[in-house]
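Trainee: Dropping the structure in here first, questions after.
Please treat every number below as a calculation from the coordinates, not as lab data. This structure is a prediction, so every number in the text was calculated from the model and none was measured. Cβ coordinates were reconstructed from backbone atoms using ideal geometry, including for glycine residues, and neighbour counts include every protein chain displayed.
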Amino acid sequence: MSLAVTVTIYEPAPPTTSGGLRSVMVTVTARHNPPFVTCTDMLNYRTAGESHGKALVTIVEGLPARVPVPESAVADMLSRRRRAGGRSRRMSMEDDSFEILSGVRRGLTTGSPVAIIIRNRDNRSSLGPLHVPRPGHADLAGMLKYGTDDARDVAERASARETAARCAAGALAACLLAEMDMHVFGHVVAIGRVRQSRRRLTLEQALRLRSLSRFCTVRPEADGAVAKAIARAAARGDTLGGVFEVKAVGLPPGLGGCMTASGRLDARLAAALMAIPSVKGVEVGGGFALAALPGSRVHDEIVLSDEGGVARSTNRSGGIEGGMTNGEMLVVRAAVKPVPTLGKPLRSVDMRTMKPSRAPVERADVCAAPAASVVGEAAVAFELARAARERFGGDTLKQMQAAMRRSGGP
Ligand code: EPS
């Protein structure tokens, strides 16, 4: 079926005349399966909610229609984050039960925004003021920014509780990626000084091993050493940091871009990871270590593959060159600083009296790196899904899958 329509367009002014409107005739071909793909809303999410408020809310816009979203996918991501070792008693109080309020019908996305609510069990509105800022927390910077001597409102939003809502968004993104055979995997590689030695594993093996580890590592046999390190820190009134790694497989070449600064996928991944509370550093592939090596020992040689295409003999670039995926496995790592709320607190100042004081001791986690590894996985999944939406468009999952096949992706 063809349809003739008149469109009025604005013509930019040539240097000597004024601009004007002009009508042109265009023919629109309407078919059942349009040969073009559109992407009306790029993938985005927002969260609302405070640590001890009534609930956390996530709204995800821009998912294509008809993506299977089993509730178990969201439940699994939330429960992995909640159960990750090193947390405070708060984690046994919360159950992170959630409700999908919109955008999913009979287990499939409809294309409309997906809203998810996670109710807080510990929803005390009666928490007292916080006049002494904790070094390393958002307290002092937030007090100065908002012109207050009470950091409670700042701390309530800056709290890592909000990352539960990010995990819900990431779980939806992972559902979309899975339909395109892309899979994201986060795991802890170090807690304090306890480092996990590297291990070559298939995704299935890694998933199985991680499910056996309380600390989200692929070395469950080392859980004892990690637990000891965390318990020792807690007994000293101290906290620990760590490093997590996120890998992604099945990525087609060309996610992200090199034409604009904002298109670069490595920059976007770094921003998403740095936005996780307590993350102080991000590296891609060989990362900081590459800076000390000559180019000949850094760059991944391009060789002919058995299938007649090209392959890489190594993957020191971590799957990204020029801000785009190159078809290899994505490897990113993030450094998580120790939790700022200490049992044996550091020096600070009472902002009401301006007298020296010790930082307050509040219930808090001892080590957030295991939970952060789940949040990191969610964050990377979301950025990859966003980049895939940009590259493949589509109002429906099928259109997106077809566009990916046409692009020569796997
Ligand atoms: C947090 C402090 C702890 C954590 C909380 C983040 O909460 P509370 O002060 O109530 O003991 O448990 O994290 C979560 C509740 C969560 O779900 O991750 C902080 O100050 O950042």
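Trainee: Could you tell me, in Å, what Rg and Dmax come out for the Cα atoms of region 124-178?
Mentor: 15.4, 47
Trainee: Order of Leu346, Leu203 from fewest to most other C-beta atoms within 10 Å?
Mentor: Leu346, Leu203
Trainee: Restricting to the chain, compute how many DSSP beta bridges are antiparallel as a %, nearest 5.
Mentor: 95 percent
Trainee: Please name which of Val375, Ile191, Pro360 has its Cα lying farthest along the dipole of the chain towards the positive end, using unit charges on Cβ (Lys, Arg +1; Asp, Glu -1) and the Cα centre as origin.
Mentor: Ranked along the dipole, the leading option is Pro360.
Trainee: How long is the chain along each principal axis, judged by its Cα atoms, biggest number first, in Å?
Mentor: Principal-axis extents of the Cα atoms in the chain, largest first: 74, 54, 52 Å.
Trainee: If you take the square roots of the eigenvalues of the alpha-carbon gyration tensor of region 156-249 and sort them as a ≥ b ≥ c, do you get rounded (a/c under 1.5), prolate (a/b over b/c) or oblate?
Mentor: It is oblate, given that a/c is not under 1.5 and a/b is not larger than b/c.
Trainee: Between Thr260 and Leu144, what is the spin-label point distance in nm, taking each point 7 Å from the Cα along the Cα→C-beta axis?
Mentor: So the two model labels end up 3.3 nm from each other.
Trainee: Grab the other residues whose beta carbon is less than 14 angstrom from that of Arg358, score K and R as +1, D and E as -1, and report the net.
Mentor: +1
Trainee: Using only C-alpha atoms and all pairs of different ones, pull out the Kirkwood radius for region 300-386 in Å with one decimal.
Mentor: One decimal place: 17.5 Å for the Kirkwood radius.
Trainee: Determine the dipole magnitude for the chain: charges of +1 sit on the beta-carbon of Lys and Arg, -1 on that of Asp and Glu, nothing else is charged, the reference point is the Cα centre, and the result goes in debye to the nearest 20.
Mentor: 1260 debye
Trainee: While we're looking at this one, here's another question. Once the Cα gyration tensor of region 345-410 is diagonalised, what are the square roots of 5 times its eigenvalues, in whole Å and ordered largest first, as equivalent ellipsoid semi-axes?
Mentor: Working from the Cα gyration tensor, I get semi-axes of 50, 14, 9 Å.
Trainee: Would you order Arg81, Arg121 from fewest to most other beta-carbon atoms within 10 Å of each residue's own beta-carbon?
Mentor: Final ranking by Cβ density, sparse to dense: Arg121, Arg81.
Trainee: Let me ask something else about it. Just want the answer: with Cβ charges of +1 for Lys and Arg and -1 for Asp and Glu, which residue in Ser126, Val249, Val284 is farthest toward the dipole's positive end in the chain?
Mentor: Of the candidates, Ser126 comes out farthest on the positive side.
Trainee: Using a simple charge model, +1 on the beta-carbon of Lys and Arg, -1 on the beta-carbon of Asp and Glu, nothing else, what dipole does region 330-410 show about its Cα centre, in debye to the nearest 20?
Mentor: I would put it at about 180 debye.
Trainee: Output the 0 to 90 degree angle, nearest 10, between the alpha-carbon long axis of helix 397-406 and the longest principal axis computed from the alpha carbons of the chain.
Mentor: 70 degrees
Trainee: May I pose another question? Could you give log10 I(q)/I(0) at q = 0.08, 0.09, 0.20 Å⁻¹ for region 263-410, computed by the Debye formula over C-alpha point scatterers of equal weight, without solvent?
Mentor: Ignoring solvent entirely, the Cα scatterers give -0.38, -0.46, -1.25.
Trainee: Now, a different point. Which value, in debye to the nearest 20, describes the size of the charge dipole of region 144-202 about its Cα centre when Lys and Arg Cβ atoms bear +1, Asp and Glu Cβ atoms bear -1, and nothing else is charged?
Mentor: Approximately 580 debye in magnitude.
Trainee: May I ask for the Rg/Rh ratio of region 73-139, computed from Cα atoms with Rh as the Kirkwood radius, given to two decimals?
Mentor: 1.10
Trainee: May I ask you to list the aspartates and glutamates whose Cα is less than 16 Å away from that of Lys228, ignoring any residue fewer than eight positions away on the same chain?
Mentor: Excluding near neighbours in sequence, the set is Asp238, Asp365.
Trainee: A follow-up question, please. Among Glu204, Glu377, Glu94, Glu162, rank each residue by its count of other Cβ atoms within 10 Å, from fewest to most, as a rough exposure measure.
Mentor: The fewest-first ordering by Cβ neighbours comes to Glu204, Glu94, Glu162, Glu377.
Trainee: For an R0 of 30 angstrom, estimate the FRET efficiency from the Cβ-Cβ distance between Ser92 and Ala206 and round to the nearest 0.05.
Mentor: 0.65
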